[in-house]
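Read-outs: derived from the displayed coordinates by stated rules, not from any lab. Bear in mind that the values here come from a model prediction, so they are computed numbers and not experimental data. Note: ideal-geometry Cβ built from the backbone for every residue, glycine included; neighbour counts use all protein chains shown.
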Amino acid sequence: MMTTARTIAFTLNGQQVSTMIEPHRNLVELLQRFDLFGSRESCGQGLCGCCTVLVDDVAVSGCLYFAVWVDGKSVTTVEHLDADGTLSPVQQAFIEAGAFQCGYCTPGFILMSHQLLKEHPNPSDDDIRHYLSGNLCRCGAYPEIIEAVKLAAKR
Amino acid sequence: MIPFDMVEPASLQEAVSLLDPQEPTIRPVAGGTALMLMMKSGVFQPTRLVCLHRIEPEHARITLVADGALRIGAMATLRQVEKDADVAARLPVLKRAMRTLSNVRVRNVARVGGALAHGDPHMDLPPVLAALGARVAIAGPKQSREMPLEDLYAGYYETVLEKNELITAVMVPALDGRKAAYMKVTSRTADDWPSLGVAVSFAMKNGTISDPVVVVSAATAKVTRMKTAEAALNNAAPDDASLRRAGDAAAEEAEVLSDAHGSAPYKRELLRVYLRRAVRQALDGSAE
Amino acid sequence: MTEAGRELPRLEARAKVTGRAEYTHNLRLPGMLYGKVFRSTVPHGRLRRIDTAAARALDGVHRVITGEDIRRLIPEPYYGPAFHDQPILALDKVRHVGEPVAVALAADPHVAERAVQLIAAEYEELPAVYDEVAAMRPDIVVHDMLKPAGTFADLKHLKGRTGTNVALDYHLRRGDPDEAFKSAAHVFEHTFKTQQCLHVPFEPFVAMAEPADNALVIHTSNQTPSFVRTEIARLLGWPENRVRVKVPYLGGGFGAKVYVKLEALVAALALIVRRPVKVALTMEEQFYVITKHPTTFRIKSGVDTDGRIVARACEVFWNGGAYADIGPRVTQKSGFTSPGPYDIDNVRIDSYELYTNRTPAGALRGFGIPQLVWAYESHTDLIARELDVDPVAFRRRNILRDGRPQASGTAMKDAAVAEVLETLAARMGWNDNQPFDHGGGAIRRGRGIAIGFKASISPTTSVAIVNVSADGSAVLYTSTVDMGQGSDTAYAQIVAEVLAVKTEAVRIVHPDTDVTPYDMGTLGSRSLFHMGNAVRLAAEDALAKLRALAAEAGLPEGTNYPPAEIFKKRFGMQAGNVIGAASFMPTYKSPDPQTGLSDNVTPFWMIGGAGAEVAVDTETGAVRVEKLVNAADCGRPINPAVARTQLSGAATMQLGFTLSEVMLLDGGQVTNASLADYKIPGIRDIPPMQSELVAAEQHSGPFGAKGLGESGTFGVSPAIANAIHDAVGVRITELPITAEAVFRALRQQAGRPLEDA
């Protein structure tokens, strides 16, 4: 089956970019073309959250999002959070709380925590679990992750 | 994933015209979260996807209509429904159900129309909306039609939609004091597809249940109304004995399937228990 | 001590929170091809024909490779750490569903994926065996002839054996169990089973091979780079120095990524097509690579009138799947601990590793121990209950105290069994004289505890190099893989402690077999002890050399000059360096082939346990864990914060194996090969947890420390089953403990068994 690649233009981590891409490729693949590997396809089903990306400031599963859909939109990845050289409060809190082990799921948890804290600056335990229920950590750092989110909320 | 074409029509009518009643490899895509799973597993290999993102924005609106009903455009995201002030005020059961539906990221992207048209009996939105007496509006190449939501489902992953029809909106009548609840029962981990979904709504008249609607999902091949359970509840006081009778009736009536979430006999027992719990929750708002 | 014992964040923390940490997953090379694997759809069959024509004809396909193509490059293309039984791609026979049969190569992975769909294979199907006990009979034989690798003495007797599925039988005889059973006041006998489950690292298996000048570079997400080098060199008939294996961070391992997994495949593919080849599996494909052994454990105990266990017989059947992988070591290394941490004079152990037509089983966080603890701690609880003795009191009476010989004959030294038990009892409020609230109505509550122990893998070697630069900063070279356990940080702390610098001044070079020295592997909680000792010795060697340099420079002995000054004084400028190196290999004595006994079977013991409080919904069987207490002996932790996270993380993983994780099979086909249907714990499944490292010291460990990666798994499953029994009076003997299993047991107990599906 032949398909046509199309040109898409979007904002990637604050910069205007454009590229040719075919409709069957997902957002994670698109980001890899820009050497961004913080969003990772793991479960491939939107359940583990390793592929989390912000599109127009809203978290999506990059593995379940067609790349062509970001045409005209703004895409933010974990690599952008310390663009000014300073870690975001969430990133800093994840370090202080020791909220990861292997680190593979960490960018996803951090980006989801960003959406959570934007919408609920003082989240309850239930809010934290609700927003992070779509992210899985096989190393089981959940208690530390909850602590990290609370720590970030205080700042 | 196998290459395919994607077209992005600018209107609903154009979208309908790009679909083909005879061609199963051409399908519409809204949020794509469910469709992409089927494509990744190879269950569905499209030649063309008709993307609905650029159709008229009105199809993504949630509006309050004159009689207090809500009209939810099919292109509204699940997250929009969850966050909508009218939904929160008028249909709290729907808002509550949204919080347990998949996860925030998926709800950010998935659309109401897709969630209804997919036909997967494990989805949460169809049973809740069916219990609330929702009707779906459907657009086709020649004419539009409307039907009660539960009539949309013909079987496991099967709907009565033609391949060139699109859901445009779902209309949910005002509760008008009716009580409602949805119980999502997961048997493996907290975040899972349900083993069983039970949605109920009913009015209370002089201490008795009136005009009940009981809908079962997940354990059955399709979202199904439990008529004998409804009959058992109708005009009954919500006491333990009546609720047990209704639970037994539902367990008897439902065509429950065995799968990785549990055996059919077990899920029938769950239905017996959770029908009772659903009615109680509708009455007192408890999350037992 | 200032650096050892310090709670600092992992050295790589910033790289991980910014998404910039290096994983094999990220790697791309010019001209590389992606390989996608065509897999067997039958569990057992003779391979008659593979049709690759349509796949080869697909636009963009570079080549399609089968087992015969590989055989032309490698005449004996079979690999494995214990048996050379696993073909790189199937030859002649397939032995499990999902076994790799062919690979399509393309520059675009989507094209390779499409090509795989166009490959067809024909098999002559053979009857299959899935159950470990059934596999004891020789009616269905998975391998026509056994091919032990020759590395292990206790496998030699199996060489060339036909008509059997037994890939190792381990036997231990201590005292006179038959006589002891006869004279015991009470005899108890139970059978417990565990399910097939798997590691699910979130970075699925990924490896890439890159042909180089007269050499081959393999980049891989693997826990044993040194082994990979040796094994690939053996397969190719090359000297080791022509194979270079590089490993960055791992996105989880948990024992899945030990020994050769994809590495032989990518090596062969790259050499055949003379281009870099990357194979990255999907989550679904992980279900066809390596799993945790399902087991059947028949356990029998004799108890005297004082409530002392006088005899125990253990018969353990390990379901190893289609290829042995490291299963035979699980059978032996874990086998000798199967009576549990109890002081029993008369013991009989028979432990069998069996081939079946399932996905292979190997090492998974505990190396078989959680399966054993599941049985012996459920059994021990049942005995206490039957004798009407408090389960903690019963254990107090029977546990192995420090210095007492374990069943193997090796003494329990630096093994805080009692401390772990008492910590659990205290944290669970077991010693309070308050009656436990068992609840009422539909929800009933209960509590339970369980303890377990493990021997370390032995004999094994680790080598470390410490390079001190002229400014005093240090670089450590080891082949330990940091897959999240925090070894980089712990080693840096050890080096810093010895050299009296800050941990942050130590850099770690990740495994690269051209650069970093040998290590047996990052597995079995061995790294902190084995490599940790090597690192300490290497740092001490560097320190001694620094002192010698100071003497050469004429600096007075005994004064504490900073290294930078020593270098400057000696070389007249910031120049030179000092290299400290050391090997560490603890002593070991093989078990006697007749009795299975040895008085030096492990260099250290790991102790772990758990206490659980549960609430059971008697109307549905649903179990909610309301409290989970974890305790372990890891000696003196090098980094207590990281260690506690390890402990609770391991417990969380075991919680999944206890309540929800199971690979479902239908005719040998896995029917739930995805995270949608293979359910691992999420954030809403985690009970309130307390994780405690008991005060202890491993005198032979670096600064008193030893490994901890697995200890948190030991007690979780039986603690929960024991708590359920306490709550509702039913005993679950098979994992996982699903709501339906509990509900069925409740209905059975009530005399109204629920009909079958």
For C:V662, list long-range residues whose amide hydrogen, built 1.01 Å from N in the peptide plane, is under 5 Å from its own amide hydrogen.
C:K679
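Averaged across the residues of A:63-69, what count of C-beta atoms belonging to other chains lies within 10 Å of each residue's C-beta? Kindly include the intermediate steps, with their values, before the conclusion.
On the way: counts 3, 13, 7, 8, 0, 4, 8.
Whole-number average of other-chain Cβ neighbours for A:63-69 is 6.
How many Å³ per residue does the convex hull of the Cα positions in region C:105-170 occupy? Don't skip to the end; give the middle numbers.
Numbers: hull volume 11.3 nm³, N = 66.
Expressed per residue, the convex hull around the Cα atoms of region C:105-170 is 171 Å³.
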Span-rule helices in chain C, defined as complete DSSP H runs reaching 20 Å or more along the axis (Cα) with Kyte mean at least 0.5
C:640-659
Among B:S41, C:S351, what is the fewest-to-most ranking by other Cβ atoms within 10 Å?
B:S41, C:S351
Please report B:Y156, A:Y131 as a ranked list, fewest other C-beta atoms within 10 angstrom at the top and most at the bottom.
B:Y156, A:Y131
Most mobile of A:V90, A:V58, A:V17 in a GNM of chain A (Cα contacts under 10 Å)
A:V17
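Rounded if a/c is under 1.5, else prolate if a/b is larger than b/c, else oblate: which is chain C, with a ≥ b ≥ c the root eigenvalues of its Cα gyration tensor?
On the way: a/c = 1.69, a/b = 1.11, b/c = 1.53.
It comes out oblate by the Cα gyration axes.
Out of all DSSP beta bridges with both ends in region C:454-515, state the antiparallel percent to the nearest 5. Walk me through the numbers before you get to the answer.
Details: 4 of 8 bridges.
Here the antiparallel bridges make up roughly 50 percent for region C:454-515.
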Can you work out the Karplus-derived ³J(HN,Hα) for every residue in region C:48-63? Use 6.51 cos²θ - 1.76 cosθ + 1.60 with θ = phi - 60°, whole Hz, and x for glycine or proline.
9, 7, 10, 9, 10, 4, 5, 5, 5, 6, 5, 4, x, 7, 7, 6
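Using the Cα gyration tensor of region A:6-78, with a ≥ b ≥ c the square roots of its eigenvalues, what is the shape: rounded (a/c below 1.5), prolate (a/b larger than b/c) or oblate (neither)?
Prolate.
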Distance between the C-alpha centers of region C:526-571 and region C:658-688? Whole Å please.
51 Å
Stretch in chain B that is longest and holds no trypsin sites (Lys or Arg not before Pro) that DSSP places in a loop and that have at most 15 other beta carbons within 10 Å:
B:164-288
Cross-link candidates for C:K93: which lysines have Cα within less than 18 Å, leaving aside residues fewer than 8 places away along the same chain?
C:K147
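Take every Cα pair under 8 Å in chain B that's 6+ residues apart, average their separations, divide by the length, and report that relative contact order as a whole percent.
Details: 637 pairs, mean separation 41.7, N = 288.
Normalised by residue count, the contact order of chain B is 14 percent.
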Search the structure for amide H atoms under 5 Å from the amide H of C:A361, placed 1.01 Å from N in the peptide plane, and list their residues when 5 or more places away or on another chain.
C:T291, C:G321, C:A322, C:Y323
Starting at the first residue of region B:193-203, write each ³J(HN,Hα) from the Karplus equation 6.51 cos²θ - 1.76 cosθ + 1.60 with θ = phi - 60°, in whole Hz, x for Gly and Pro.
5, x, 7, 7, x, 10, 10, 10, 8, 6, 9
Span from the region A:13-64 Cα centroid across to the region C:1-65 one, whole angstrom
18 Å
Do the alpha carbons of any pairs in A:K150/C:K261; B:K95/B:K227; C:K333/C:K502 sit beyond 30 Å of each other, and which pairs?
A:K150/C:K261; C:K333/C:K502
What distance in nm separates the two pseudo spin-label positions at A:V17 and C:A57, each 7 Å out from Cα along the beta-carbon direction?
3.9 nm
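Rounded, prolate or oblate: which fits region B:126-245, taking a ≥ b ≥ c as square roots of the Cα gyration tensor eigenvalues, rounded meaning a/c under 1.5, else prolate when a/b beats b/c?
Since a/c reaches 1.5 but b/c is at least a/b, the shape of region B:126-245 is classed as oblate.
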Surrounding charge for C:K502, neighbours by C-beta under 11 angstrom, Lys/Arg +1, Asp/Glu -1, total -2
Within 10 Å of each Cβ in C:21-28, how many Cβ atoms from other chains are there, averaged over the peptide?
4
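Relative contact order (percent) for region B:179-284, with alpha-carbon contacts under 8 angstrom and 6 or more residues of separation?
Relative contact order for region B:179-284 comes out at 28 percent.
For each pair in C:K159/C:K679; C:K627/C:K706; B:K40/C:K454; A:K118/B:K179, compute the distance between the two Cα atoms and list the pairs where it is over 30 Å.
Numbers: C:K159/C:K679 40 Å; C:K627/C:K706 27 Å; B:K40/C:K454 42 Å; A:K118/B:K179 33 Å.
Where the Cα-Cα span goes over 30 Å, the pairs concerned are C:K159/C:K679; B:K40/C:K454; A:K118/B:K179.
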Given contacts defined as C-alpha pairs under 8 Å and at least six residues apart, what's the relative contact order of chain C, whole-number percent?
15 percent
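When B:D192, C:D482, A:D82 are ordered from fewest to most other Cβ atoms inside 10 Å of their Cβ, what list results? All intermediate terms of the calculation are to be shown ahead of the outcome.
Working: B:D192 21, C:D482 29, A:D82 17.
Final ranking by Cβ density, sparse to dense: A:D82, B:D192, C:D482.
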How far, in degrees from 0 to 90, does helix A:142-153 lean away from the longest principal axis of the Cα atoms of chain A, to the nearest 10?
90 degrees
Span from the region C:409-459 Cα centroid across to the region C:610-624 one, whole angstrom:
18 Å
